[in-house]
Amino acid sequence: MQEELARLREAALAEVASCGAEGELEAVRVRYLGRKGLLTQAVRGLAAVAPAERPALGALVNEAKDAVEAAIAASGERLAAERLAHRLAHERIDVTLPGRRRPRGHAHPLRLIEDEIVDVFVGMGFRVAEGPEIEDDYHNFAALNFEPDHPARDAQDTLFVAPGSDLLLRTHTSPVQIRVMRAAKPPLRVVVPGTVYRRDDLDPTHSPMFQQVEGFMVDERVSFADLKGVLVHFLRRIFGPETGVRFRPSFFPFTEPSAEADIACFRCAPTGAADPACRICRGGRWLEVLGAGMIHPNVLRAVGYDPEKVQGFAFGLGTDRIAILRYGIEDLRLFYENDLRFLAQFPS
Ligand code: DAH
């Protein structure tokens, strides 16, 4: 019995020592110390031993059990410590490393300027309307009082959807005047931001695709004074409260009388002297910023209004040009090349 116990004890300790994982230790514990374990059965074997030898043998059994239990506990701790050390070594993170920033997008500079322009008119009670970029001859030209042989209708200037087609990429936002006026009755105060297209080669000041904001007001007593008041207020909100503004006579088929508005070059204005080296006005001192006029009676008639009862003014401006002036940009193409080194300079 004694020898048997010693053998069991050695065998158990050897198995514990060879365990490489905590789960294996549990199997060893069950095999030796479980309810039917080999050492547990040895206790039962004591019944067959002479009563005088029982205490000494019992003590030996308990000692063997304690030793195996202690070995299992010690091994368990060692294996847990090793597992932890392994994880610490392999899952180490350097909490002092800088985080990885997600690049965050923002509005395009042309959209920022467009929003700013639209906001000024919304502040004066204008609502926003939009129209299709593919238009027909009627909305883009005919209803706007363009002569049948007007050069703008030529394929030289206008991008048609197909040769001989009546469909074209709108050359201005003015056709939205026609769409809104045909759908609604005065009084109207509307601004129309949008993309327009012309058959131009790309260079620092031309692009076949560019942006406009159209605006118009129609009511029973709208005059050229209203036009001037609204546009001067607008230009001073965009370019500064002291900005000089002048109106020059001009011509558009859809307005009569027509005008163009200029702002005084904000770089030259303080000195008042013409500076041919000025990057912005090149010595001209005035910068053309928009076209405008009183809506032509033929246009009012085309949308079913009575020109004897209602009048209106309209204007159109190039968003790209306003952006170029505001940001001091030399090359319009930058707006359309999607180079993030450029675009990232306009945080919203
Ligand atoms: N449609 C003109 C253009 O594209 C701009 C314009 C001028 C619009 C005068 C207007 C206006 O509404 O009254 O050049």
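Structure values in brief
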| read-out | value |
| --- | --- |
| Candidate set from region 203-250 (those that are touching a Ser or Thr at 6+ places or on another chain (Cβ under 8 Å) and of a type in the set (D, E, K, R)); member that is nearest to Leu325 (Cα to Cα) | Arg236 |
| Qualifying residue in region 273-284 (condition: more than 11 Å from the ligand (Cβ to nearest atom), within 18 Å of Glu242 (Cα to Cα) and touching an Asp or Glu at 6+ places or on another chain (Cβ under 9 Å)) | yes |
| Count - residues of region 197-223 that are within 18 Å of Leu290 (Cα to Cα) and either touching an Asp or Glu at 6+ places or on another chain (Cβ under 7 Å) or not assigned by TED's automatic domain parsing to the domain that holds Leu235 (or both) | 7 |
| Ala42 modelled with pLDDT of 90 or more and in contact with an Asp or Glu (Cβ under 8 Å, 6 or more places away or on another chain) | no |
| Filtered residues of region 272-287 (kept if part of a strand (DSSP E or B) and within 35 Å of the chain's Cα centre (by Cα)) | Leu287 |
| Members of region 178-187 that are away from the ligand (no atom under 12 Å from the Cβ) and either touching a helix residue (DSSP H, G or I) at 6+ places or on another chain (Cβ under 7 Å) or at pLDDT below 95 (or both) | Arg179 |
| Any hit, region 130-147, residues being modelled with pLDDT under 95 and either within 27 Å of Val118 (Cα to Cα) or out of contact with any Phe, Trp or Tyr (no Cβ under 6 Å at 6 or more places or on another chain) (or both) | yes |
| Residue match in region 205-212 (condition: under 18 Å from Asp157 (Cα atoms), in contact with a helix residue (DSSP H, G or I) (Cβ under 9 Å, 6 or more places away or on another chain), within 16 Å of the ligand (Cβ to nearest atom) and not in a strand (DSSP E or B)) | yes |
| Pairs with Cβ under 6 Å, 6+ apart, first in region 236-257 and in the same structural domain as Arg301 (by TED's automatic domain parsing), second basic (Lys, Arg) | Thr243/Arg236 |
| Hits in region 223-271 - residues which are within 12 Å of the ligand (Cβ to nearest atom), surrounded by fewer than 16 Cβ atoms within 10 Å (Cβ to Cβ) and outside any strand (DSSP E or B) | Phe224 |
| Of all residues in region 334-348 being surrounded by 14 or more Cβ atoms within 10 Å (Cβ to Cβ) and out of contact with any Ser or Thr (no Cβ under 7 Å at 6 or more places or on another chain), the one that is modelled with the lowest pLDDT | Phe346 |
| Qualifying position, being assigned to a helix (DSSP H, G or I), aliphatic (A, V, I, L, M), within 24 Å of Val230 (Cβ to Cβ) and at pLDDT 95 or above, among Leu290, Leu325, Leu300 | Leu300 |
| Pair list, Cβ < 6 Å and 6+ apart or interchain, from region 288-316 residues that are more than 13 Å from the ligand (Cβ to nearest atom) to residues that are small (Gly, Ala, Ser) and not in a strand (DSSP E or B) | Ala302/Ala143 |
| Positions within region 156-186 being of a type in the set (Ser, Thr, Tyr) and touching a residue at least 40 places away in the same chain (Cβ under 8 Å), in sequence order | Thr158, Thr173, Ser174 |
| Residue within region 58-69 that is surrounded by 12 or more Cβ atoms within 10 Å (Cβ to Cβ), over 20 Å from Glu3 (Cβ atoms) and of a type outside the set (Ser, Thr, Tyr) present | yes |
| Unique residue being under 15 Å from Ala70 (Cβ atoms) and of a type outside the set (D, E, K, R) when the list is Leu57, Leu46, Leu8, Leu25 | Leu25 |
| Qualifying positions in region 129-140 - touching a Pro at 6+ places or on another chain (Cβ under 8 Å) and touching a residue at least 40 places away in the same chain (Cβ under 8 Å) | Glu130, Gly131, Glu135, His139 |
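The values are calculated or read from the model by the stated rules, or taken from the named source; none is laboratory data. Because the structure is predicted, anything quoted here is derived from the model rather than measured. Don't worry about glycine lacking a Cβ; one is built from the backbone with ideal geometry, like all the others, and counts go over all protein chains shown.
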